[in-house]
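The values are calculated or read from the model by the stated rules, or taken from the named source; none is laboratory data. If you're wondering where the values come from, they're calculated on a predicted model, not measured in any experiment. Note that we place each Cβ from the backbone using ideal geometry, even for glycine, and neighbour counts take in every protein chain shown.
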Amino acid sequence: MLPPTGGTVLDVGCGGGRSSLPLVPPANELIGVDASGAMLDEYVEAASRVGVARRTIHGTWPEVAVQAPVADVVVCHHVAFNVADIVPFLWALTDHARLAVVVEIPTMHPMSAWAPAWQHFWGVTRPDGPTSDDLLAVLIEMGLDPELSIGARGRPSAYETDPSTLVPVARRRLCLPAERDGELAEWLAGHAPPFPDKMANFRWPGSAEIPR
Ligand SMILES: C[S@@+](CC[C@H](N)C(=O)[O-])C[C@H]1O[C@@H](n2cnc3c(N)ncnc32)[C@H](O)[C@@H]1O
(Lines give C-alpha, C1' and ligand atoms only; values in the text may rest on other atoms or scores of the structure.)
Protein backbone atom coordinates (compact mmCIF):
# COMPACT_ATOMS: atom_id res chain seq x y z
CA MET A 1 0.00 0.00 0.00
CA LEU A 2 1.64 3.23 -1.14
CA PRO A 3 0.90 6.57 0.48
CA PRO A 4 -0.27 9.32 -1.88
CA THR A 5 2.25 11.69 -3.43
CA GLY A 6 3.34 14.08 -0.69
CA GLY A 7 1.74 11.84 1.92
CA THR A 8 2.82 10.87 5.41
CA VAL A 9 3.83 7.53 6.92
CA LEU A 10 3.77 6.67 10.61
CA ASP A 11 6.21 3.81 11.31
CA VAL A 12 5.58 2.13 14.67
CA GLY A 13 8.61 0.21 15.94
CA CYS A 14 10.55 1.93 13.16
CA GLY A 15 14.02 0.62 14.04
CA GLY A 16 16.46 1.89 11.41
CA GLY A 17 13.66 2.67 8.95
CA ARG A 18 13.62 -0.44 6.74
CA SER A 19 9.80 -0.37 6.51
CA SER A 20 9.06 3.31 5.86
CA LEU A 21 12.10 4.69 3.99
CA PRO A 22 11.26 2.70 0.83
CA LEU A 23 7.95 4.64 0.75
CA VAL A 24 9.83 7.91 0.04
CA PRO A 25 8.77 8.99 -2.52
CA PRO A 26 5.77 9.15 -2.84
CA ALA A 27 5.70 9.96 0.91
CA ASN A 28 7.45 13.18 1.85
CA GLU A 29 7.18 13.02 5.62
CA LEU A 30 7.91 10.17 8.03
CA ILE A 31 7.05 9.83 11.70
CA GLY A 32 9.08 7.17 13.48
CA VAL A 33 8.01 5.73 16.84
CA ASP A 34 10.33 3.45 18.78
CA ALA A 35 10.88 2.34 22.36
CA SER A 36 14.63 2.53 21.73
CA GLY A 37 16.34 5.93 21.57
CA ALA A 38 19.33 4.34 19.81
CA MET A 39 17.07 3.02 17.04
CA LEU A 40 15.48 6.47 16.67
CA ASP A 41 18.97 7.95 16.19
CA GLU A 42 19.52 5.46 13.36
CA TYR A 43 16.13 6.34 11.92
CA VAL A 44 16.96 10.04 11.90
CA GLU A 45 20.31 9.37 10.23
CA ALA A 46 18.69 7.19 7.56
CA ALA A 47 15.97 9.78 6.91
CA SER A 48 18.62 12.53 6.64
CA ARG A 49 20.51 10.47 4.06
CA VAL A 50 17.47 10.43 1.76
CA GLY A 51 16.60 14.03 2.66
CA VAL A 52 13.06 13.43 3.84
CA ALA A 53 11.28 15.38 6.57
CA ARG A 54 10.91 13.27 9.71
CA ARG A 55 9.68 13.40 13.25
CA THR A 56 10.36 10.91 15.99
CA ILE A 57 8.47 9.85 19.10
CA HIS A 58 10.38 7.99 21.79
CA GLY A 59 8.31 5.48 23.75
CA THR A 60 6.19 2.37 23.73
CA TRP A 61 3.14 2.05 21.51
CA PRO A 62 0.25 2.41 22.29
CA GLU A 63 1.25 4.41 25.40
CA VAL A 64 2.75 7.19 23.23
CA ALA A 65 -0.02 7.09 20.62
CA VAL A 66 -1.55 10.31 21.98
CA GLN A 67 1.62 12.14 20.91
CA ALA A 68 1.47 10.81 17.36
CA PRO A 69 -0.24 12.60 14.50
CA VAL A 70 -2.50 10.70 12.14
CA ALA A 71 -0.83 9.69 8.87
CA ASP A 72 -1.92 8.49 5.46
CA VAL A 73 -0.39 5.06 5.98
CA VAL A 74 0.71 3.38 9.23
CA VAL A 75 3.32 0.64 8.95
CA CYS A 76 4.46 -1.70 11.69
CA HIS A 77 6.90 -4.43 10.67
CA HIS A 78 8.50 -7.08 12.85
CA VAL A 79 7.01 -5.75 16.07
CA ALA A 80 3.67 -7.49 16.75
CA PHE A 81 5.18 -10.67 18.26
CA ASN A 82 6.78 -8.42 20.88
CA VAL A 83 3.45 -6.99 22.05
CA ALA A 84 1.76 -8.56 25.07
CA ASP A 85 -1.57 -6.72 24.84
CA ILE A 86 -2.15 -6.76 21.09
CA VAL A 87 -5.75 -5.48 20.82
CA PRO A 88 -5.18 -1.89 22.08
CA PHE A 89 -1.94 -1.84 20.08
CA LEU A 90 -3.86 -2.65 16.87
CA TRP A 91 -6.70 -0.19 17.61
CA ALA A 92 -4.16 2.60 18.09
CA LEU A 93 -2.52 1.75 14.74
CA THR A 94 -5.94 1.78 13.07
CA ASP A 95 -7.14 5.09 14.44
CA HIS A 96 -3.89 6.79 13.34
CA ALA A 97 -4.27 5.77 9.67
CA ARG A 98 -6.34 7.68 7.13
CA LEU A 99 -5.92 5.12 4.37
CA ALA A 100 -4.44 1.88 5.60
CA VAL A 101 -2.43 0.00 8.19
CA VAL A 102 0.23 -2.46 7.03
CA VAL A 103 1.58 -4.95 9.55
CA GLU A 104 4.21 -7.51 8.63
CA ILE A 105 5.49 -10.42 10.70
CA PRO A 106 7.04 -13.79 9.95
CA THR A 107 4.44 -16.56 9.76
CA MET A 108 5.99 -18.14 12.87
CA HIS A 109 7.50 -16.59 15.98
CA PRO A 110 11.26 -16.28 15.38
CA MET A 111 12.05 -17.80 18.79
CA SER A 112 10.06 -20.96 18.05
CA ALA A 113 12.93 -21.99 15.74
CA TRP A 114 14.88 -22.80 18.92
CA ALA A 115 12.19 -25.10 20.38
CA PRO A 116 13.79 -28.39 19.17
CA ALA A 117 17.13 -27.31 20.68
CA TRP A 118 15.49 -26.40 24.01
CA GLN A 119 13.93 -29.85 24.06
CA HIS A 120 17.25 -31.53 23.30
CA PHE A 121 19.57 -29.58 25.61
CA TRP A 122 17.24 -28.82 28.51
CA GLY A 123 14.29 -31.21 28.18
CA VAL A 124 12.07 -28.13 28.09
CA THR A 125 9.07 -28.00 25.76
CA ARG A 126 8.81 -24.47 24.37
CA PRO A 127 5.68 -23.12 22.65
CA ASP A 128 5.49 -23.27 18.86
CA GLY A 129 3.38 -20.09 18.76
CA PRO A 130 2.09 -17.49 18.51
CA THR A 131 1.90 -17.45 14.71
CA SER A 132 0.59 -15.10 12.05
CA ASP A 133 -2.64 -17.17 12.08
CA ASP A 134 -3.22 -15.99 15.65
CA LEU A 135 -2.86 -12.37 14.54
CA LEU A 136 -5.29 -13.02 11.68
CA ALA A 137 -7.84 -14.43 14.15
CA VAL A 138 -7.50 -11.36 16.40
CA LEU A 139 -7.93 -8.94 13.48
CA ILE A 140 -11.03 -10.78 12.27
CA GLU A 141 -12.50 -10.79 15.78
CA MET A 142 -11.90 -7.03 15.95
CA GLY A 143 -13.87 -6.67 12.71
CA LEU A 144 -10.92 -5.09 10.90
CA ASP A 145 -11.38 -7.15 7.73
CA PRO A 146 -7.67 -7.63 6.88
CA GLU A 147 -6.24 -8.60 3.51
CA LEU A 148 -3.44 -11.10 4.01
CA SER A 149 -0.66 -12.05 1.65
CA ILE A 150 2.05 -14.57 2.43
CA GLY A 151 5.40 -14.12 0.71
CA ALA A 152 8.95 -15.36 0.90
CA ARG A 153 11.05 -13.83 3.65
CA GLY A 154 13.94 -11.66 2.44
CA ARG A 155 17.59 -12.45 2.92
CA PRO A 156 18.20 -14.53 6.09
CA SER A 157 20.40 -13.17 8.89
CA ALA A 158 24.05 -14.10 8.37
CA TYR A 159 24.12 -16.45 11.38
CA GLU A 160 21.29 -18.54 9.95
CA THR A 161 23.46 -19.76 7.08
CA ASP A 162 26.96 -19.60 8.58
CA PRO A 163 27.72 -22.37 11.10
CA SER A 164 30.62 -20.40 12.64
CA THR A 165 28.30 -17.57 13.73
CA LEU A 166 25.32 -19.83 14.40
CA VAL A 167 27.03 -21.53 17.36
CA PRO A 168 27.60 -18.35 19.46
CA VAL A 169 24.07 -17.14 18.69
CA ALA A 170 22.62 -20.56 19.62
CA ARG A 171 24.71 -20.65 22.82
CA ARG A 172 23.20 -17.33 23.94
CA ARG A 173 19.66 -18.25 22.87
CA LEU A 174 19.87 -21.57 24.71
CA CYS A 175 21.71 -20.24 27.80
CA LEU A 176 24.51 -22.80 27.38
CA PRO A 177 28.12 -22.38 28.57
CA ALA A 178 30.91 -21.99 25.99
CA GLU A 179 32.36 -25.36 27.08
CA ARG A 180 29.46 -27.02 25.27
CA ASP A 181 30.20 -25.34 21.90
CA GLY A 182 31.56 -28.57 20.36
CA GLU A 183 28.48 -30.55 21.32
CA LEU A 184 26.25 -27.68 20.20
CA ALA A 185 27.97 -27.42 16.79
CA GLU A 186 27.61 -31.15 16.25
CA TRP A 187 23.91 -31.11 17.13
CA LEU A 188 23.18 -28.04 14.98
CA ALA A 189 24.91 -29.67 11.99
CA GLY A 190 22.23 -32.36 12.02
CA HIS A 191 19.31 -30.23 13.26
CA ALA A 192 19.25 -26.85 11.51
CA PRO A 193 16.81 -24.61 13.42
CA PRO A 194 13.62 -24.11 11.36
CA PHE A 195 14.02 -20.34 10.97
CA PRO A 196 10.95 -18.60 9.53
CA ASP A 197 11.04 -18.49 5.74
CA LYS A 198 7.71 -16.80 5.06
CA MET A 199 6.30 -13.39 5.82
CA ALA A 200 2.68 -12.50 6.49
CA ASN A 201 1.62 -9.06 5.28
CA PHE A 202 -1.68 -7.76 6.69
CA ARG A 203 -3.47 -4.69 5.35
CA TRP A 204 -6.70 -3.13 6.54
CA PRO A 205 -8.39 0.27 6.28
CA GLY A 206 -7.56 3.03 8.73
CA SER A 207 -10.27 4.87 10.61
CA ALA A 208 -8.80 8.39 10.89
CA GLU A 209 -10.83 11.08 9.21
CA ILE A 210 -9.80 12.04 5.66
CA PRO A 211 -9.91 15.85 5.23
CA ARG A 212 -12.17 16.97 2.32
C1 LIG B 1 12.79 -6.11 15.00
S2 LIG B 1 12.84 -4.38 15.05
C3 LIG B 1 12.00 -3.96 13.52
C4 LIG B 1 12.39 -2.61 13.01
C5 LIG B 1 11.74 -2.21 11.68
N6 LIG B 1 10.29 -2.05 11.81
C7 LIG B 1 12.08 -3.20 10.59
O8 LIG B 1 11.17 -3.84 10.05
O9 LIG B 1 13.26 -3.31 10.28
C10 LIG B 1 11.58 -3.98 16.27
C11 LIG B 1 11.64 -2.54 16.72
O12 LIG B 1 10.42 -2.24 17.38
C13 LIG B 1 10.69 -1.56 18.58
N14 LIG B 1 9.53 -1.88 19.45
C15 LIG B 1 9.14 -3.09 19.92
N16 LIG B 1 7.99 -2.99 20.59
C17 LIG B 1 7.62 -1.68 20.55
C18 LIG B 1 6.51 -0.93 21.06
N19 LIG B 1 5.51 -1.52 21.74
N20 LIG B 1 6.48 0.40 20.84
C21 LIG B 1 7.47 1.02 20.15
N22 LIG B 1 8.54 0.36 19.64
C23 LIG B 1 8.61 -0.96 19.84
C24 LIG B 1 12.04 -2.07 19.04
O25 LIG B 1 12.70 -1.13 19.87
C26 LIG B 1 12.76 -2.25 17.70
O27 LIG B 1 13.45 -1.09 17.29
> Got a number for residues in region 45-94 being of a type in the set (S, T, N, Q) and more than 10 Å from the ligand (Cβ to nearest atom)?
Replying inline: 4
> (1) aliphatic (A, V, I, L, M); (2) part of a loop (DSSP other than H, G, I, E, B); (3) surrounded by 16 or more Cβ atoms within 10 Å (Cβ to Cβ): which one isn't true of Ala113, the others all being true?
Replying inline: (2)
>> Anything in region 121-130 that is surrounded by 16 or more Cβ atoms within 10 Å (Cβ to Cβ) and either within 19 Å of the chain's Cα centre (by Cα) or in a strand (DSSP E or B) (or both)? List them, or say none.
In response: Pro130
> Inside region 46-109, counting only strands (runs of 3 or more DSSP E) that do not spill past its ends, which hold 2 or more residues that are under 13 Å from the mean Cα position of the chain (by Cα) and among the basic types (Lys, Arg)?
Replying inline: none
> Do we find that Trp118 is aromatic (Phe, Trp, Tyr) and either more than 16 Å from the ligand (Cβ to nearest atom) or part of a strand (DSSP E or B) (or both) in this structure?
Replying inline: yes
> Can you name the condition, by its number, that Cys14 falls short on among (1) buried (at least 22 other Cβ atoms within 10 Å of the Cβ); (2) touching a Pro at 6+ places or on another chain (Cβ under 9 Å); (3) part of a loop (DSSP other than H, G, I, E, B)?
Replying inline: (2)
> Within region 17-31, how many residues turn out to be more than 9 Å from the ligand (Cβ to nearest atom) and either buried (at least 20 other Cβ atoms within 10 Å of the Cβ) or part of a loop (DSSP other than H, G, I, E, B) (or both)?
Replying inline: 9
>> Looking at region 144-152, can you tell me whether even one residue there is within 30 Å of Thr94 (Cα to Cα), more than 19 Å from the chain's Cα centre (by Cα) and not aromatic (Phe, Trp, Tyr)?
In response: yes
> Where residues in region 157-173 are surrounded by 14 or more Cβ atoms within 10 Å (Cβ to Cβ) and more than 27 Å from Asp134 (Cα to Cα), which of them is modelled with the highest pLDDT?
Replying inline: Arg171
> Within the group Gly154, Gly129, which residue is modelled with pLDDT under 95, among the small types (Gly, Ala, Ser) and within 12 Å of the ligand (Cβ to nearest atom)?
Replying inline: Gly154
>> So the check is Cβ under 9 Å with 6+ separation or different chains; which pairs have a first residue in region 53-66 that's on the phi > 0 side of the Ramachandran plot and a second one that's assigned to a loop (DSSP other than H, G, I, E, B)?
In response: Gly59/Ala35
